[in-house]
Each structure stands twice: as C-alpha cells, then as structure tokens.
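Here the structure comes first, spelled out in structure tokens, and everything after it is commentary.
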Amino acid sequence: MESLRQLATHLVLDLVTVSLLAFAVYYPRHRRRDLLPAYLALNVALFTVVAALAQVGGSGGAALGFGLFGVLSIIRLRSDSIQHEEVAYYFTTLVLGLLCGLPQLDIRQAGALSALLLTVVYAADHPRLFARARRTVVTLDAVYGNTAELRADLHRRLGEPLNWTVMEVDYVRDLTVVDVRYRVPQEVKKTTADKQPPEPEPTALPRTPEPSLEAV
C-alpha cells in the first residue's frame, strides 16, 4: 500500500512537471501542437518503464535497464522540421520521466531536480535571450570575389552578419548559397513623419462686422 501511495505521488509530480513544460513553456513559444502528444507520451511511457524496472529489481531489472538505454540511444529525430530547441524539449521530458519514475528517490529531491530542469529550459529558451539573433539559409544571385563583398551584401539584405558558411557556389547560374547567422537591426523608434515639426495652426482672419438694421 505504501509503495502504491509513493508511486502515485511520483506520478502526480511527473504529470505536473511535464504539463508545465509542454503547455506553459513550449507551446506558448513555439505553437506546435503536433509535438505535444510526442512529449507527453514519451514522458509517461518512460515513467512507467522506470517504475516497472524498479519493481523488478535484481539482474532482470538491470538487463532491462541497459536494454532501455540502448533503445533510446538508437532513436534519431530524422524529421527536418524539428529544430534544435525542440530536441532539447524531447530530452527534458525524457529526464523528467526518469527522475520522477524512480521510487527510491525522495519526492523532495525529485521535485527540486525537476524544478531545476524547468528553470533551465525556461531561461535558455526565453524569447528575450539574444532576441535579435537569427539564422537562415539564403541564396544570393551573385558570386563574390572576396569576403568583404559577401559581408556587405549580407549586411544590406539581412542585418549585421555574425558568422556564415558558404554552402554552395554556382558559377554557371551566378548563385551563392550561404548559411548565415546575423543580428537584425534595431527598430527605429520614431518614423520620419514623427520627426517632422508640427504644422502651424491656421490663424483666424478678423471678421468684419455685419451692418445692423438700425444703422440703415
């Protein structure tokens, strides 16, 4: 009975932490609903496997544990649409399932380590952290003779280039493919219309008095 109560407590902690990660941190920033079931399923599945391994114990549990990590090491995220920060969320959900699924680990320690993971992911993927830094792959309609010309063209098109890698140069079609990391320029606070002085208000002309009937 005590083991079931302990398992239920760890399960509640796991569901709370992975829900905070998925619905409070990831989705408001990346807006990819298709990855939410993957995060939740991976976390809960790993939690159940770890909890089952803890109940088995002995050499059988150790063998299943090594097999589990062997399977996880083979898994590759082959989809090109998954960004590196989304892979970080995958591994965070995986570690949360491991931490919360260990019944021998004290619930306070599991909660503290889970809170540490959530804090690190929240801060590392914050939109204000290096908010002006961007990365893109551009195809330029020119072949450049030196680095200075390429840098000047990238600066004119994108912003301040921080680092770039020339991926392809086509002399036949005059194309250059560049993987560039750059910093977008700051937004101009005042537009040219705001900088112009306000137009003077038209002055009212003096009104001529209308002739009264008594004067006539």
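Cut-off 14 Å, label point 7 angstrom out along Cα-to-Cβ of Val95: give me the residues of region 119-142 whose amide nitrogen falls inside.
Label zone hits: 119-125.
Would you kindly calculate the mean projected area, averaged across all directions, of the convex hull enclosing the Cα atoms of region 1-49, in square nanometres?
Answer in nm², one decimal: 3.3.
Ordering Phe47, Phe130, Phe23 from largest to smallest accessible area (1.4 angstrom probe), what's the sequence?
Putting Phe47, Phe130, Phe23 in descending order of accessible area: Phe130, Phe23, Phe47.
What nm distance separates the two modelled labels at Val177 and Phe23, each placed 7 Å from Cα along Cα→Cβ?
4.2
With every protein chain in place, what's the accessible area of Arg157 (1.4 Å probe, Å², nearest 10)?
The accessible area of Arg157 comes to roughly 110 Å².
Quick check of the Kirkwood formula: for region 96-148, what is the inverse mean of 1/r over all pairs of different Cα atoms, in Å?
Taking every pair of different Cα atoms in region 96-148, averaging 1/r and inverting gives 15.3 Å.
Ordering Val44, Val180, Val120 by how much accessible area each has at a 1.4 Å probe, largest first, what is the list?
Correct descending sequence by accessible area is Val120, Val44, Val180.
Protein chains only, probe 1.4 Å: how do Tyr182, Tyr171 rank by accessible area, largest first?
Largest accessible area first, the residues go Tyr171, Tyr182.
Full extension from Leu11 to Leu36: what is 0.36 nm times the residue separation minus their Cα-Cα distance, to one decimal in nm?
7.2 nm
Please calculate the 1.4 Å probe accessible area of Leu96, with all protein chains present, and give it to the nearest 10 Å².
For Leu96, the solvent-accessible surface is approximately 0 Å².
The values are calculated or read from the model by the stated rules, or taken from the named source; none is laboratory data. Owing to the predicted nature of the structure, the values given are computational and were not obtained by experimental measurement. Reconstructed Cβ throughout: ideal geometry from the backbone, glycine too, with neighbour counts over all protein chains shown. Just so you know, the surface numbers come from the protein's heavy atoms only, side chains and all, with ligands and any DNA or RNA stripped out. Shrake-Rupley method; radii C 1.70, N 1.55, O 1.52, S 1.80 Å.
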